[in-house]
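Enquirer: Structure provided below as structure tokens; questions to follow.
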Ligand code: GLY
Ligand code: MN
Ligand code: MN
């Protein structure tokens, strides 16, 4: 695609006659009923905090460009999270190549939003430009409509290059927009610090964010119920994991949402492959299916929930033992999430339960106590990942935060994180008796740190094996 004009090799020529004809006969079509977004005051205070950290420096937060999937077709667009966080522009309102600039002034910074707005009918773009034209990609908001909706002064993106040409001292989130990157002098260390700052600012969620995360979790709960309902159908066809994945995506779309990451629908021993997203396996009665899925709501906040379910609704004795062990480990983990505890505490609490359980099962060649020492860790053969991470607009949120602010930090009210211990016994693992081999179990919930402990946002979804059986039985009967 021609980046400037949005035309492609196979597009038809446009004779002058039709070009003129296309400009005539259109009624005005303003968007009716636009209201200011409820996120505006939250974004204003986020921008104010950022402004205070960088007096006198121009701050550039690009939404990013569309990513090519193949030739001239793109992946569905998702703006950079920092752009979304500081503008409030998310979901289908987010447009590729937009950019937020915080321009320094005497009072701090003025926010300016540069976008490619609606092309009016007196241009050719609305029917010829496959990248921006509304005959191709749909109606975009005008400058005025965007200003009303998001409360930020808006300019046309075509003016951004000239705006930046004075070469004022600037920091950019680099790597999202090639043309902006080219124009801004590279300052590796300072840019890395800037990325860290915008990542760390999201560590503690405001009330808007926590309410949105609860919505995402509640929608995800409904998606899990749908996946249980289609289990009988999934058993009937090859690659039944895709029926499960499809049911979850169907729930997301049914409610106007998206998914926050590719669903893991891992039946049988696929559960031992931590990032199993191929989802091309059969779903067999007698096996477990590990499902890790999260709905992303329009504001981009996502849930991240895992349940491991018996395909036929009943756990075998070996499956139950492992599920129970992971359940107990998760309870211990959740109990350790509280203000003042360190981020590693809940991991350590869950690991202790897992190591003791594995020792009791007779598979650990040393005691649990020995294994839990930092220079041993033999139990980790069956539980190789950490027990949780920050969650928010990104499923692995705040990934650029400094060590002392995240993995080595003290938990504070408003942090949202996952607690997700697991045990994975590969099918060729001779240390376990045969009936355990190929069992993989993870239980993952989303919690918010409160003043006194934590609240489990996903507590409505059963996780104890007995409760899971009752819940599944009710869903499969109804
Ligand atoms: N779904 C990815 C994770 O649990 O971290
Ligand atoms: Mn997770
Ligand atoms: Mn997960």
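Enquirer: Just wondering, is there one or more residues in the range 336-345 that are surrounded by fewer than 21 Cβ atoms within 10 Å (Cβ to Cβ) and more than 26 Å from the chain's Cα centre (by Cα)?
Expert: Yes, the range 336-345 contains at least one residue that is surrounded by fewer than 21 Cβ atoms within 10 Å (Cβ to Cβ) and more than 26 Å from the chain's Cα centre (by Cα).
Enquirer: Here's a check for you: in the range 429-457, which residue that is surrounded by fewer than 23 Cβ atoms within 10 Å (Cβ to Cβ) and within 22 Å of residue 275 (Cβ to Cβ) is nearest to ligand 1 (Cβ to nearest atom)?
Expert: 438
Enquirer: Every residue in the range 307-328 that is within 16 Å of ligand 3 (Cβ to nearest atom) and farther than 14 Å from residue 267 by Cβ, please.
Expert: Start the filter on the range 307-328 by keeping residues that are within 16 Å of ligand 3 (Cβ to nearest atom), which leaves 307-309, 326.
Scanning the range 307-328 gives a single hit, 326.
Enquirer: Same structure, new question: Count, please, the residues in the range 387-428 that happen to be free of Cβ contacts under 8 Å to residues at least 12 places away in the same chain, part of a loop (DSSP other than H, G, I, E, B) and more than 16 Å from ligand 1 (Cβ to nearest atom). Walk me through it before giving the result.
Expert: Residues of the range 387-428 free of Cβ contacts under 8 Å to residues at least 12 places away in the same chain: 396, 403-404, 428.
Right, trim to part of a loop (DSSP other than H, G, I, E, B) and you get 396, 428.
Narrowing the set further to residues that are more than 16 Å from ligand 1 (Cβ to nearest atom) leaves 428.
Here the count works out to 1.
Enquirer: Within the range 321-339, identify whether any single residue is more than 19 Å from residue 236 (Cα to Cα), in contact with a strand residue (DSSP E or B) (Cβ under 7 Å, 6 or more places away or on another chain), in a loop (DSSP other than H, G, I, E, B) and more than 16 Å from ligand 2 (Cβ to nearest atom), and answer yes or no.
Expert: Yes, the range 321-339 has at least one match.
Enquirer: Does residue 428 qualify as being within 22 Å of the chain's Cα centre (by Cα) and either away from ligand 2 (no atom under 14 Å from the Cβ) or on the phi < 0 side of the Ramachandran plot (or both)?
Expert: No, not satisfied.
Enquirer: Only one of (1) touching a residue at least 60 places away in the same chain (Cβ under 8 Å); (2) under 19 Å from residue 203 (Cβ atoms); (3) within 13 Å of ligand 3 (Cβ to nearest atom); (4) touching a helix residue (DSSP H, G or I) at 6+ places or on another chain (Cβ under 7 Å) fails for residue 447. Which number is that?
Expert: With (1) touching a residue at least 60 places away in the same chain (Cβ under 8 Å); (2) under 19 Å from residue 203 (Cβ atoms); (3) within 13 Å of ligand 3 (Cβ to nearest atom); (4) touching a helix residue (DSSP H, G or I) at 6+ places or on another chain (Cβ under 7 Å) applied to residue 447, the lone miss is (3).
Every residue, every condition in (1) under 16 Å from residue 344 (Cα atoms); (2) within 16 Å of ligand 2 (Cβ to nearest atom), yes or no:
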site: 372; (1), (2): yes, no
site: 377; (1), (2): yes, no
site: 381; (1), (2): no, no
site: 384; (1), (2): yes, yes
site: 387; (1), (2): yes, yes
site: 392; (1), (2): no, yes
site: 406; (1), (2): yes, yes
site: 417; (1), (2): yes, yes
site: 421; (1), (2): yes, yes
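Enquirer: Taking the options 354, 274, name whichever one is in contact (Cβ under 8 Å) with a residue 12 or more places away in the chain and more than 16 Å from ligand 2 (Cβ to nearest atom).
Expert: Of the residues listed, the single one that is in contact (Cβ under 8 Å) with a residue 12 or more places away in the chain and more than 16 Å from ligand 2 (Cβ to nearest atom) is 354.
Enquirer: Let me ask something additional. Please count how many residues of the range 28-58 are within 30 Å of residue 128 (Cβ to Cβ) and either at pLDDT 95 or above or in contact with a helix residue (DSSP H, G or I) (Cβ under 6 Å, 6 or more places away or on another chain) (or both).
Expert: Residues that pass the stated criteria total 2.
Enquirer: Would you mind listing the helices (runs of 4 or more DSSP H) fully within the range 204-266 where at least 2 residues are out of contact with any strand residue (DSSP E or B) (no Cβ under 9 Å at 6 or more places or on another chain) and over 23 Å from residue 92 (Cα atoms)? Show your work before the answer.
Expert: Values: elements: 207-229, 231-236, 241-254.
Output list reads 207-229, 231-236.
Enquirer: Just to be sure I understand, how many residues within the range 277-300 are assigned to a strand (DSSP E or B), over 16 Å from residue 219 (Cβ atoms) and within 16 Å of ligand 1 (Cβ to nearest atom)?
Expert: Of the residues in the range 277-300, the ones assigned to a strand (DSSP E or B) are 288-293, 295-296.
Right, trim to over 16 Å from residue 219 (Cβ atoms) and you get 288-290.
Filter once more, so that each one left must be within 16 Å of ligand 1 (Cβ to nearest atom): 289-290.
Qualifying residue count, the range 277-300: 2.
Enquirer: Only one of 220, 196 is farther than 20 Å from residue 39 by Cα and surrounded by 18 or more Cβ atoms within 10 Å (Cβ to Cβ). Can you tell me which?
Expert: Selected residue: 220, the only one of 220, 196 that is farther than 20 Å from residue 39 by Cα and surrounded by 18 or more Cβ atoms within 10 Å (Cβ to Cβ).
Enquirer: Further, regarding this structure: Give the range 32-60 a look and list any residue that's surrounded by 12 or more Cβ atoms within 10 Å (Cβ to Cβ), within 23 Å of the chain's Cα centre (by Cα) and not in a helix (DSSP H, G or I), or say none.
Expert: 37, 39, 60
Enquirer: Just name the residue that is surrounded by the most Cβ atoms within 10 Å (Cβ to Cβ) out of those in the range 257-276 that are under 15 Å from residue 220 (Cα atoms) and in contact with a helix residue (DSSP H, G or I) (Cβ under 9 Å, 6 or more places away or on another chain). Walk me through it before giving the result.
Expert: Filtering the range 257-276 down to residues under 15 Å from residue 220 (Cα atoms) leaves 257-265.
Now narrow it down to the ones that are in contact with a helix residue (DSSP H, G or I) (Cβ under 9 Å, 6 or more places away or on another chain): 257-260, 262-265.
Values: 257: 21, 258: 17, 259: 21, 260: 24, 262: 15, 263: 26, 264: 24, 265: 30.
Within the range 257-276, the match that is surrounded by the most Cβ atoms within 10 Å (Cβ to Cβ) is 265.
Enquirer: So, in the range 458-478, exactly how many residues are in a helix (DSSP H, G or I) and surrounded by 17 or more Cβ atoms within 10 Å (Cβ to Cβ)?
Expert: Residues meeting the conditions: 5.
The values are calculated or read from the model by the stated rules, or taken from the named source; none is laboratory data. The structure presented is a predicted model; accordingly, all values stated were derived computationally and were not measured. Every residue, glycine as well, gets a Cβ built from its backbone with ideal geometry; the counts of neighbours run over all protein chains shown.
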